Structure formats: C-alpha cells, structure tokens
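One structure is given below, encoded as structure tokens.
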Amino acid sequence: MTSDSPVFEDLLHEEREFPPSKDFAAQANVRDGSIYERAEADPEGYWEDRAKELDWFTPWKTVMNWEPPHVKWFEGGTLNVSHNCLDRHLDGPRRNKAAFIWEGEDGDVRTVTYLQLHREVCRFANALKDLGISKGDRVAIYLPMMIEATVAMLACARIGAIHSIVFAGFSPDSLSDRINDSECKLLITADGGYRRGQVVALKDAADKALESTHSIEHVVVVKRPVGEPFPCTMQEGRDVWYHDVIRDASPECPAEPMDAEDVLFILYTSGTTGKPKGIVHTTGGYSVVAQTTMQYVFDVHEEDVYWCTADIGWITGHTYVVYGPLQTGATSVIYEGAPNWPGNDRFWELVAKHRVTLFYTAPTAIRAFMKWGDDLPAKHDLSSLRLLGSVGEPINPEAWMWYHRHIGSERCPIVDTWWQTETGGIMITGLPGVTTMKPGCAGPPMPGIAAELVDEKGAVVPHGAGLLAILRPWPSMLRTIWGDDERYVETYFSRFGPEIYVAGDGAKRDKAGDFMVLGRIDDVLNVSGHRIGTMEVESALVDHPAVAESAVVGKTHEVKGQAIAAFVTLVGDREMTPELNDELKAHVAEKIGAIARPDAILYAADLPKTRSGKIMRRLLRDIAEGRALGDTTTLADPAVVDSLRGEYEEKEG
Ligand code: WTA
C-alpha cells in the first residue's frame, strides 16, 4: 500500500443506514439473502445455474477450467450474444416491445422494437459479410450515441467478428493507435453528431486517423438519422454509406454459433504505461454476468424503462447500455448528448418524458447536478423512478445523500456498483431488495464473487484498509490483453502470484463486510469517471517541441473527482507564457482527446527526483493538493521543491 495515498487520510465514519423498503423488497428479483451463502458454498454450481438463463446452441461440458492466471468458462458450450439479445425475444410479447428509445440532443426521438432491431442487425451483419468481414476479424467502431452503434455491435457479434469500440471523444491519434494494435479490417463511423449544440465532425477525425493505419479495408459511414447530413468526404473504393449497404441486404442472417471462449470484444483502457491495454472479453462468461447483474442489481422487470447514461465507448456502455439490457428484454433510453444541453435539467426532463424507472449514472454527473441546484430536479416529475445506480468512481456521502433525496425522493434504493473494464460486469454492490445501503459504501461482493481486502503481503484483512483483490475467477473476467499476454500476467497477477487478481484500487471494509472503494493506487487517474494514465498525458506533453520533461499527477476536484495537474520543464531557453500554457493543454487534448486536457500546467525549472533519478510523484501530489510536504530527504536537489511550490502558490493565488 502506498502510505502516501491521499485517499487513506480521508477516513470516513458512516453511520446512516438505509434498509430496503418493504414495498421494494416484496417485488425484488432477489428477496432472500441466503443467496450469498448458497453461492459461496458452491460457486461453480451457482454460475452454472445462472448460465441456464441464456439460450445455448449446445450445452457446456465443463463449468470452469482454471489454470492460474488463465481461465475458461463453459467450455464446449456454444451460443451467440446477438441471438440472446434479439432472436429469443421474438416469439413472445417482447417482439414488438421497444428495445431502445433514442433521443437526440435536439429532441428528436426514435424508437426501435426488438423485431425492428433484429431486422436491422441482420441486414448489417449481411452487409459486413459482403464487405469481407468474417469470424475473428476485428472491426473498429467510432460512433456517437445512436441506435446504429448498437446495431454495429450486435451485427459483429452475430457473425463472430470482434468489435473494438473507441469512444467518439478520443482523438484521431488515439483511434489509429487502437486500430493498429488489433489490426482492425473495417471501421464504422458517422458523418457527425451533436454535443452541446456543436457539430462533432467524426468522419473528418476518422479520416485523419486512417492516414496512419494500414489494416483498414473499408469504412462504413452512418449518416446521422435525423436532420441535415453533415458534409464529409467519401474515399472511392474504401468508404461506403451505411444506408446504402443495408438497403438491399437480407433481413435474415443466422447467428454464428460461437464457442463460449470465442472473443466477443476488445476494449482499450488506460494503464500505467503510455500504451492503452486491449482488454479481451469472451462470449459465454461475459453474457452470464451481464444477464445476472441486470436481474439482480438493477432488478429489471418487464415493464421497466431503464436508462444508463454511459457512452458505448466505455465498458459501462457495453454491458449496461447494450448487452445486459437487451439480453433481459428491457426497454432502454439512449441519449445522444450532454447532461447540460440545452439546460442543466436535461436529464430530469428525459426521466420525466420517458417515465424512466431505473436510472444509472456517474458520481461526477451527480456532483455537477448538486452544483446546478435542487430546484432543477424539483421542476420535473421524477415519480416514475424506482431504483438509482452509481458507477465509475467513489461516490462521496454528500453526493449519495443528494441523489437519495432530490432524485430518489428518499424512496429509491441506490446501488453503488464497483467494477472495471477488466471485470466485465458489476462485482461489488448491494442487492436492492436485500442489502442495507450506506452512503459512500459500495457494499458486499456480489454472490459468487470472492472480492477481498488484502494487505501488503496478500493476506486477507477481514476489515480495515487494504488493497482490493479477487481470489477466485469469475465468468466475465478479462481473458488476456490483446497481443500481450505477458502484460496481462504482469499487471494483474504478479503482485501476489497467479491466483490473486489485483484490481489496482485501495479500499476499506467495515465489520459488516461492506466495501468502501477509495480509488486507484497506481499511476492511473480517474477524471469524471474515466481512466486516464498519467504516462499517456506525459507522453503527449513531451511530444510538444517546447517540453523537455513532464510529470502528471491527480488533484482533487469538486466535480470531476480528480483533475489533471501537469508539471513540465521546457527545452533550452523556452519560457512559459500564458499562450504556451494554453497551447500545451490544447496539445494534450488534440493528442488524446478533450477528456485528457490538463486543468493546470505548472512550469518547473527542474522536477523533484531521487538520487537515482526517479521523479517523486508523491511530492508533486502534495504540491498540487497544497498539502504539507512529505519526506524530502531522499531528494537529489531539495531546492527544486521550493521553487515548484512558489510557482504553484502563485498560480493558485
Ligand atoms: C473506479 C468502470 C469506487 C475504480 C466500470 C476502478 C469505482 C475503475 C466504482 C474502473 C465505484 C468504478 N466506487 N470506484 N462504484 N466504480 N470505480 O475500467 O477505481 O472505466 O478501478 O470501469 O473505476 O474504471 P473502468
């Protein structure tokens, strides 16, 4: 444990408790707390039962095969995720039920039923085949929040192509890096979209990315379905319009039987090096956890209207906008734009308009709403809501209480869900019909999940503070890092050996066994719920000709959770000016994406280093947070700290 971790200083004594209401518990999908003991007594049996909730073409032969640190689940079984999301709903009352209600930033609404979605997915799956895509090929998806993004995912899954979604807010460089890493053959993008009233020229960004990729054979371009098309250039022979390729395609396409362990998707996430990791998820185990968590955590019922506000570019969008909701036959809302456009109450307007019952968002959004005022949710009828969720970062108790009061009318249970891109689905949270919720506390591990707190040596700590680890494989666990299995072993299974998955988070656990997850303990920041590696930002900064060296740290931020503070030294006699400062921020945004733009760039004549030349980030964090400095005795040159502090205090006033 890094003893300097600021999160551990913030010990919290939470005594407020919110047991499930009788009404909620009486209708909940899980009402009996004995599920925990039953799952613990026979985890494989538990998961096997859960797997029976899905349609399998052929049953599995073995439930789990664990050769630490590699695991296989449901070997011998075949299934198809797109079949489970669509086809199996078509023979009953869900056939004409809305799968998605999409709302554009400008208020356009489109609804697709399960049958309509099935036809569109089949059409596009056939079109992909015509474009030369077959099982195992990688397809990059760079799309805004539109129904076609879900069609693209499901069409890939249907024919066994592996999708790799790149968040549409990422830069051309980030897109080309990801395309190159997994050698994608095809890219699906759009002419553009709206974000806070501004047009995002996505195809132009994609074209730029394609200048430095070699594997892409075709680009499918979706025209934003309503309003004026955005101007963009189409390259003859390479680029095709989505509406053209599906026009004559057959609306029938058999779902490819996939082995449980066939790869479903790759999703890149930041790590502690400059290069993002391609997290690999497979078909069977991932689907089982998506299904189970939708039923158990979100308590989804047939008549619910569910809205997860995440973008499909993140894991939450994969599991809880697309695969989980569709597998359980839910109706979901998809919203194109920003929470504060055109007004700061846009989310509440949408909840009221679509009568949303289950609402899942991030603490950063909740904190922004708190700032914008209680009167905004009060203006709207939020009485349809019956459950709230939180994900992506620790939710502070004040934000939890605000969410509970002003959004949930002190009536809705709140599920604070801890999980990661790597875990595929929710790992730690309360079950809303069973668990007593506590503000700021994620709760117990899900049934069947062996999450524990461990100390520096890997020994289990029943309660107290420690590292979050998972001591037994679970079905939706990442299987490897694309093209770099060594990094997989090194990142997650080297600290305490191949049996113990180390999540990279610090946590506390109370006597009831509930977890309070405190945050990352590695060089990864969590900015507005998004993981950003400090190394990525540092590489982007030194890529600028004026920068000689840089060190990036996180700084507590009221709304974003963490903000990015960058310390730089400049080359030769370059001097820091306000213009250069702005230019450096813009450079990072251009290299990575707007989410990585530093809040503050601090100029230093030198960075504090140990005598062996290692940058002392701990000191930089102390400076950025304006805290008393820790131990400086190992510094090679103690004077640099004073000059940095002076610079910081001047900037912060
Ligand atoms: C953090 C998002 C506290 C954590 C699903 C984790 C959380 C990282 C919570 C994963 C939570 C996520 N409470 N921290 N409820 N949920 N985190 O891969 O640091 O984008 O390691 O997955 O977010 O981020 P990722």
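Each value in this text was obtained by applying a stated rule to the coordinates, not by laboratory testing. Fair warning: this is a prediction, and the values are worked out from it, not measured in the lab. Positions of Cβ are generated from backbone atoms using ideal geometry, with glycine treated the same way; all protein chains shown enter the neighbour counts.
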The residues H406, H463, sorted from fewest to most surrounding Cβ atoms within 10 Å, come out as H463, H406
Extended-chain gain in nm, criterion 0.36 nm per residue less alpha-carbon gap, S34 and D510 = 169.3 nm
Hull-based mean projected area of region 118-261, where the convex hull spans the alpha carbons, in square nanometres = 8.6 nm²
Please give the FRET efficiency for D573 paired with E490, using the beta carbon to beta carbon distance and R0 = 35 Å, rounded to the nearest 0.05.
-> 0.30
Sort the following peptides by mean Cβ neighbour count (other Cβ atoms within 10 Å, averaged over residues), highest first: 540-549, 387-396, 59-68.
-> 387-396, 540-549, 59-68
Amide H contacts under 5 Å for D239, placed H, 5+ residues apart | V219
Sorted by number, the cysteines in the chain with no other cysteine beta-carbon under 4.7 Å are C85, C156, C184, C232, C308, C412, C441
Give me the number: length gained by fully extending E558 to D248, i.e. 0.36 nm times residue separation minus the C-alpha to C-alpha distance, one decimal in nm.
-> 106.4 nm
Value of relative contact order over the chain, rounded to a whole percent, pairs C-alpha under 8 Å and six or more apart | 13 percent
Label 7 Å along Cα→Cβ of K353; region 80-111 residues with amide nitrogen under 13 Å?
-> 101-111
Total charge dipole magnitude, region 585-646, about the Cα centre, Cβ charges on Lys, Arg, Asp, Glu only, Debye to nearest 20 | 220 debye
Cβ crowding within 10 Å averaged over residues, with 351-363, 187-199, 207-219 ranked highest first = 351-363, 187-199, 207-219
Neighbourhood net charge (10 Å Cβ-Cβ; Lys/Arg +1, Asp/Glu -1) for N126 = 0
Of the options T62, S287, G104, report the single residue whose Cα projects farthest towards the positive end of the charge dipole of region 16-439 (beta-carbon charges: Lys, Arg +1; Asp, Glu -1).
-> G104
Would you list the P(r) distribution for region 524-652, with all Cα-Cα distances sorted into 5 Å bins from 0 and each bin expressed as a whole %?
-> 2, 11, 22, 24, 21, 14, 5, 1
Would you compute, from DSSP H runs of 4+ residues alone, the mean residue ellipticity of the chain at 222 nm, taking -39500 (n - 2.57) per run and dividing by the full residue count, rounded to the nearest 500?
-> -8000 deg cm²/dmol
Specify which residue in the list L644, S528, A551 is farthest towards the positive end of the charge dipole of region 524-652, using unit charges on the beta carbon of Lys, Arg (+1) and Asp, Glu (-1), about the Cα centre.
-> S528
Using the charge dipole of region 16-439 (Lys, Arg: +1 at Cβ; Asp, Glu: -1 at Cβ; taken about the Cα centre), state which of A201, P342, M437 has its Cα farthest towards the positive end.
-> P342
Any idea how far apart R411 and L629 come out in nm if each label point goes 7 Å out from Cα toward Cβ?
-> 5.6 nm
Quotient of Cα radius of gyration and Kirkwood radius for region 454-539, i.e. Rg/Rh, equals 0.99
For region 229-367, what percent of Cα pairs sit more than 25 Å apart?
-> 49 percent
Mind ordering 426-435, 96-105 by average Cβ neighbours within 10 Å, highest first?
-> 426-435, 96-105
Treating only Lys and Arg (+1) and Asp and Glu (-1) as charged, each at its beta carbon, one finds that region 432-576 has a dipole about its Cα centre, in Debye to the nearest 20, of 740 debye
Have a look at the DSSP beta bridges in region 342-495 and tell me what percent are antiparallel, nearest 5.
-> 45 percent
If you take the square roots of the eigenvalues of the alpha-carbon gyration tensor of the chain and sort them as a ≥ b ≥ c, do you get rounded (a/c under 1.5), prolate (a/b over b/c) or oblate?
-> rounded
Mind giving me the nanometre distance, one decimal, between the label points for V460 and D637, set 7 Å out from Cα along Cα→Cβ?
-> 5.1 nm
Kirkwood radius from Cα pairs of region 63-148 plugged into Stokes-Einstein at 25 °C, 0.890 mPa s, gives D in µm²/s equal to 153 µm²/s
May I ask you to derive the FRET efficiency for W372 and R611 from their Cβ-Cβ distance with R0 = 51 Å, giving the value to the nearest 0.05?
-> 0.55
Which links in K97/K353; K379/K560; K275/K585; K371/K508 stretch past 22 Å when you go from one Cα to the other?
-> K379/K560; K371/K508
Measuring from its Cα centre, the chain shows a charge dipole (+1 at each Lys and Arg Cβ, -1 at each Asp and Glu Cβ) which, in debye to the nearest 20, is 1000 debye
Looking only at lysines whose Cα falls under 25 Å of K61's and that sit 8 or more positions away or on another chain, we get K52, K72, K135
